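The values are calculated or read from the model by the stated rules, or taken from the named source; none is laboratory data. None of the values given here were measured: they were computed from a predicted structure. Here the Cβ positions follow ideal geometry from the backbone for every residue, glycine too, while neighbour counts run over all protein chains shown. Accessible surface areas use protein heavy atoms only, side chains included; no ligands, DNA or RNA. Shrake-Rupley method; radii C 1.70, N 1.55, O 1.52, S 1.80 Å.
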Amino acid sequence: MLEFLNVEKTYDGRKILEISSLKIEQGIYWLQGTNGCGKTTLLKMIAGIIPFSGDISYDGMSLKKNSTKYRQQVSWSDAEPEFPSFLSGHELISFYNYVRKASISQTEKIISFLEADKFLSQKIKTYSSGMTKKFSILLAFIGQPSLILLDEPLSTLDLQSTLLVMKLIHDYHQEYGTNFLLSSHHDMSSNFLVMPKKLLLANKNIMVS
Amino acid sequence: MDSLQKILFKTLIKPFYKQNAGFFIFILVIMIGVVGELDGSDMLDYHYALILGMLNNFVIFILILLLWFLYAIKCVRFVTTSIQKKENSFLTILAGFETRKNYLQLFFSQFFIYLPVFLYSLVITVVAFYNKMFFEGIIVFVFNLTICIVSAGWYMHVLKNQDKNFNAYTDKIFNLNIGNKNYGAILSRYIFSQQKIILFGLKLYDCAILYLIIRNLSKEDYDIRLAFILYSFGLFGHGILIYLVREFQEKKLSFLRSLPISVVNRFSQYCLLYGILLIPEIVTIILLTPKFLHFSDALIISVCSYSVLLFLNSLTFFTHESIKDFLKISVAIFFILIFSVFTQTQILFAVLFAGSSILLFTTRYFKYEHGTG
């Protein structure tokens, strides 16, 4: 369960988000909202990438108090991911495997499922935007985190990759009970085998529908 | 030089030396400029002793062969990548030539790329023969000749199989665990691969200043203050590098903050990074101690350098919005350091810098947000 307690995010004195108290149960969630409403900011806050006041906890683990354990459970994929161009995909995967204490065989399964093995030996600078996106999603699954945050997971992906990512999300939820929070302007409901629950971000707050 | 040799020279040999110019100058400075005269004897005597040491010690001998082998892989990777570059796709015409001619052209390309090692190995062979160590001499010569012969054969194979990713094999050797376990290694690679000119300039300046000034101090007028002050300029030049590393992190490694790595571990990554970065200065200091530099001063310079870099790094988690602002703060710290030199309180300030860097880092790391200062 994802829990927000007195969460506030301010930029230049302007309040962007204000969530006094909210609990989000397990499941696959589709975060909706207009451009600039703070979806990416919210995901980055949950991922522990940007600071905010208040606290967020996942399954009782506080982001502020149990920083490392919390991050072991929560992973994130950026809307417009960027990685060091001089590294190869394999190198970054090895780094993730080590940091996230991942099972190598599980990582290899994801690689194979997403059909990413063809390009991972190449340097990241040779990747197209679609390949980079797919790679970023792949990294988010490494180490079997319990909550995966995917910011615009379908943007720049071709149809085949979109279907693969959707299937992976569905399978992980079914097999391992992995929870997902997806932000997207695409109609996610038409892509899923399981209908995602909707979260609406408006007026600086989240509403569960 | 026929037209084909000219093409190979411009597409393979020249770019190789251009890309590795910094590396060669650094090796040259270390081998001739710094190491050569330190023991009081002249450069030739020093290298002669070095070669004899290598030939007489089996472990060092094997290590040197291993180093040459790694250098050969570096050359092979470069040529393989160059041959497979889109803009060099015209090189496939080589495959159409008679095999013998084709091989010879590639052999000479490899020979020129491998020339620095080959020449040094020839000197070693001559020294070995002169000292009646025929077996060692032959091994050295045959080893390096074999590298050139095999490499040329490999290039022919690459030319005939342009679509294969050959470097995937050597990636396993070169990238073995580098960056696999810590991001300090990723940051090091960023500096060594993307900022090598700045790095080389800074290292050259720092090492040259330390060596040239301290080496010429006489026992009667021993005073390292001038050397320390001039050296501090270079130290603060590192501010640019530190700033660029932080920029790189914000742009390309933003995912790091979402990973389960403790703050202490994160700080240790920077300690590792700046420790690696200071190796040339530390080596120079070691070479100068104790003959030209007192142990206490060697310690002061080393500790100050390290703590200042760590402090500057931690400052980037406080503010690094513009390089101008960051350098202003760096200059202020530079004056503090100068003050410490004249008041002989460098160790005190070094401890203060180190302590502050830990405090700043641990309190600011997760609170800092790029773009909000």
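General remarks:
- Residue in region A:34-49 that is farthest from the other protein chains (Cβ to nearest Cβ), counting only those that are open to solvent by 20 Å² or more (accessible area, probe 1.4 Å) and at pLDDT below 90: A:T34
- Check on B:L241, hydrophobic (A, V, I, L, M, F, W, C), open to solvent by less than 30 Å² (accessible area, probe 1.4 Å) and either away from chain A (no Cβ under 14 Å) or in a helix (DSSP H, G or I) (or both): yes
- Qualifying position, being more than 14 Å from chain A (Cβ to nearest Cβ) and surrounded by 18 or more Cβ atoms within 10 Å (Cβ to Cβ), among B:L272, B:L210, B:L204, B:L253: B:L210
- Selected residue (only one of B:V150, B:V127 is modelled with pLDDT of 90 or more and open to solvent by 70 Å² or more (accessible area, probe 1.4 Å)): B:V150
- Hey, B:F58 touching a residue at least 60 places away in the same chain (Cβ under 8 Å) and either surrounded by 12 or more Cβ atoms within 10 Å (Cβ to Cβ) or over 20 Å from B:L8 (Cβ atoms) (or both) or not: no
- Every pair of residues 6+ apart whose Cβ atoms lie under 7 Å, when the first sits in region B:338-367 and is within 14 Å of chain A (Cβ to nearest Cβ) while the second is assigned to a helix (DSSP H, G or I) and among the β-branched types (V, I, T): B:T362/B:V263; B:Y365/B:V263
- Within region A:78-99, the set of residues being of a type in the set (G, A, S) and at the interface with chain B (Cβ under 7 Å from one of its Cβ atoms) comprises A:S88, A:S94.
- Unmet requirement for A:I110, which otherwise passes all of (1) within 14 Å of another protein chain (Cβ to nearest Cβ); (2) farther than 22 Å from A:L31 by Cβ; (3) in contact with a helix residue (DSSP H, G or I) (Cβ under 7 Å, 6 or more places away or on another chain): (1)
- Criterion applied to B:S232, B:S188, B:S258, B:S262 was being among the polar types (S, T, N, Q), over 24 Å from the mean Cα position of the chain (by Cα) and open to solvent by less than 30 Å² (accessible area, probe 1.4 Å), and the one residue passing it is B:S258.
- Positions within region B:243-255 being at pLDDT 90 or above and in contact with a helix residue (DSSP H, G or I) (Cβ under 6 Å, 6 or more places away or on another chain), in sequence order: B:V245, B:F248
- Applying the set (1) at pLDDT 85 or above; (2) closer than 18 Å to B:L226 by Cα; (3) of a type outside the set (D, E) to B:V331 leaves exactly one unmet item: (1).
- In region A:1-56, residue nearest to the chain's Cα centre (by Cα) [restricted to those that are of a type in the set (V, I, T) and assigned to a strand (DSSP E or B)]: A:I28
- Checklist (1) more than 25 Å from the chain's Cα centre (by Cα); (2) modelled with pLDDT of 90 or more; (3) more than 13 Å from every other protein chain (Cβ to nearest Cβ) applied to B:V303, failing item: (1)
- The listed residue being modelled with pLDDT of 75 or more and within 11 Å of chain A (Cβ to nearest Cβ), out of B:Y155, B:Y169, B:Y190: B:Y190
- When region A:56-77 is filtered for residues that are crowded, with 22+ Cβ neighbours inside 10 Å, more than 10 Å from A:L139 (Cβ to Cβ) and either facing another protein chain (nearest Cβ under 8 Å) or of a type in the set (F, W, Y) (or both), the ones remaining, listed by number, are A:Y58, A:Y70, A:R71, A:V74.
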